[in-house]
Amino acid sequence: TSVSFILTRHSAEAVEIMEPFLATRPSYELYNMLGFEYHKLGQRDKAVELLRKSLTLDPDSYDAYYHLGYVYRAMGEPRKAAAMFEEVLKRRPNFPEIEAQLAAMRSAADRTSQ
């Protein structure tokens, strides 16, 4: 299945298998998984596009915000990344990984503003 490709880090193969399903069976999960696979392939604009589409289907789930945070961070857009991580915490409070990401980003912002 496509999940086994994702777990074994074969993003290109996972995208090739999952992409055709967007036309016939678009879902939050599919947009979310494909978006993050595109991010891992370095196609971040496509990743943002798909992750944003997933949010239109389920704006209350935290996964797409989580992935968007990492995509925006990789794109060098810390404000957008922080906003996405804050959305994660609204939906899943007490998430140490995300709290640490935000703390590191705030610390970096403080150092550059001095």
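The values are calculated or read from the model by the stated rules, or taken from the named source; none is laboratory data. Keep in mind it's a predicted model, so treat the numbers as computed, not measured. These area figures cover heavy atoms from the full protein model, side chains too; ligands, DNA and RNA do not enter into them. Shrake-Rupley method; radii C 1.70, N 1.55, O 1.52, S 1.80 Å.
Across the chain, the mean sequence separation of Cα contacts (distance under 8 Å, 6 or more residues apart), normalised by length, yields a relative contact order of 16 percent.
Rounded to the nearest 10 degrees, the angle from helix 28-40 to the longest Cα principal axis of the chain is 70 degrees.
Relative to the longest principal axis of the Cα atoms of the chain, the long axis of helix 63-74 makes an angle of roughly 70 degrees. For the chain, the solvent-accessible area of protein heavy atoms averages 60 Å² per residue (probe radius 1.4 Å; ligands and nucleic acids excluded). Is the shape of region 62-106 rounded, prolate or oblate, going by the alpha carbon gyration tensor and its root eigenvalues a ≥ b ≥ c, with a/c under 1.5 for rounded and a/b larger than b/c for prolate? Note, shape of region 62-106 comes out oblate.
Against the globular-protein guess of 2.2 N^0.38 Å, express the Cα radius of gyration of the chain as a ratio, rounded to two decimals.
On the way: Rg = 14.8 Å, N = 114, 2.2 N^0.38 = 13.3 Å.
Ratio of Rg to 2.2 N^0.38 Å for the chain: 1.11.
Working with all protein chains in place, sort GLU16, GLU87, GLU99 by solvent-accessible area computed with a 1.4 Å probe, largest first.
Working: GLU16 140, GLU87 40, GLU99 80 Å².
Greatest to least solvent exposure: GLU16, GLU99, GLU87.
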